[in-house]
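The values are calculated or read from the model by the stated rules, or taken from the named source; none is laboratory data. These numbers were taken from a predicted model, which means no experiment stands behind them. Glycine also receives a Cβ, built like all others from the backbone with ideal geometry; neighbour counts cover every protein chain displayed.
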Amino acid sequence: MAYTGDVRVGGPPDVHELTHLVITKIAVGPMENNAYLLRCRATGEQLLVDAAAEAPRLLELVGGDGLVGVVTTHRHADHWGALAEVVEATGAPTHAGRHDADGIPVPTRVLVDDGDRIAFGRCELTARHLVGHTPGSIALVYDDPEGHPHLLTGDCLFPGGVGNTHGDPDAFASLLGDVESKLFAQLPDETWVYPGHGADTTLGAERPALSAWRERGW
């Protein structure tokens with residue numbers, strides 16, 4: 001079956017099979033977070049993005065091949081609830097944005113800045129630092145050499161808008177500005193977006209609404 005990205009807590013994962021990379025999306029509770037297991041086809045090396053909750057389910061997904069790293073997209077607790085248990089079980093190095101690492105209780109081994117690259121096997125992600133939802137949120141870009149880019153956005157971009165900035169107009173302006181300049185301005189409409197909660201989207205589906213988001217202020 002074709003990948004849709006429609007997953008539910010307690011339900012099966014969905015698998016997006018690319019030429020060089022396999023992206024497996026799973027929803028975990030209690031906050032209906034998405035976690036993503038990325039596997040390099042050439043080497044089998046795996047990277048987990050957001051060990052959010054339900055460590056046993058995440059570890060079952062990882063299987064016997066283990067992890068070469070776990071990336072936490074930002075400091076909010078619903079995105080690292082299973083991190084300690086996953087790291088203890090796998091020994092995987094931890095990665096997080098430099099300006100959010102002090103808010104994550106599991107020590108961060110690799111501090112990530114804007115433009116940094118995270119490699120696993122023959123695949124590579126590029127980090128984009130987006131300020132506003134938190135000080136150190138990162139999005140991760142996989143620039144597929146055989147197709148369009150794929151973008152994991154944490155809680156910075158969803159279908160219908162940017163992430164929650166809790167009514168702070170400066171934080172909203174910062175987040176929308178970063179999303180526009182570092183994502184929409186640099187990536188094509190075909191870019192597939194994998195958010196931290198809920199359904200997937202594409203940049204092309206969201207681009208026409210950017211001015212409306214700015215006008216409404218959230």
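Beta carbons closer than 9 Å, at least 6 apart along the sequence or on distinct chains, pair a first residue in the stretch 38-50 that is crowded, with 21+ Cβ neighbours inside 10 Å with a second that is assigned to a loop (DSSP other than H, G, I, E, B) and of a type in the set (Val, Ile, Thr) for GLN46/VAL68; LEU47/VAL68; VAL49/THR73; ASP50/THR73. Scanning the stretch 1-29 for residues that are in contact with a helix residue (DSSP H, G or I) (Cβ under 9 Å, 6 or more places away or on another chain) and outside any loop (DSSP other than H, G, I, E, B) returns THR24, ILE26, VAL28.
In the stretch 88-109, the residues that are at positive phi reach residues that are modelled with pLDDT of 95 or more and surrounded by fewer than 19 Cβ atoms within 10 Å (Cβ to Cβ) with C-beta atoms within less than 9 angstrom, at least six apart or across chains, in these pairs: GLY91/GLY66.
The combined condition, being more than 16 Å from VAL28 (Cβ to Cβ), hydrophobic (A, V, I, L, M, F, W, C) and under 15 Å from the mean Cα position of the chain (by Cα), is fulfilled by VAL112.
Let's see how each residue does on (1) surrounded by fewer than 14 Cβ atoms within 10 Å (Cβ to Cβ); (2) within 29 Å of GLY161 (Cβ to Cβ); (3) of a type outside the set (A, V, I, L, M); (4) touching a Cys at 6+ places or on another chain (Cβ under 7 Å):
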position	(1), (2), (3), (4)
ARG117	yes, yes, yes, no
PHE120	no, no, yes, yes
ALA127	no, yes, no, no
ILE138	no, yes, no, no
ASP143	no, yes, yes, no
GLU146	yes, no, yes, no
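Pairs linking a residue in the stretch 204-218 that is within 15 Å of GLY163 (Cα to Cα) and loosely packed, with under 10 Cβ neighbours inside 10 Å to a residue that is modelled with pLDDT of 95 or more and not polar (S, T, N, Q), with Cβ atoms under 9 Å and 6 or more positions apart or on different chains, do not occur.
Return yes or no: is ASP189 free of Cβ contacts under 8 Å to residues at least 40 places away in the same chain, charged (D, E, K, R) and touching a Lys or Arg at 6+ places or on another chain (Cβ under 7 Å)?
Yes: the conditions hold for ASP189.
Residue count for the stretch 53-75, restricted to those that are crowded, with 24+ Cβ neighbours inside 10 Å, in contact (Cβ under 8 Å) with a residue 60 or more places away in the chain and of a type outside the set (Ser, Thr, Tyr): 2.
More than 25 Å from LEU67 (Cβ to Cβ), among the hydroxyl-bearing types (Ser, Thr, Tyr) and surrounded by fewer than 14 Cβ atoms within 10 Å (Cβ to Cβ): is that true of SER174 in this structure? So SER174 does not fit the description; no. Among the residues examined, SER137 qualifies as of a type in the set (Gly, Ala, Ser) and under 24 Å from ALA27 (Cβ atoms).
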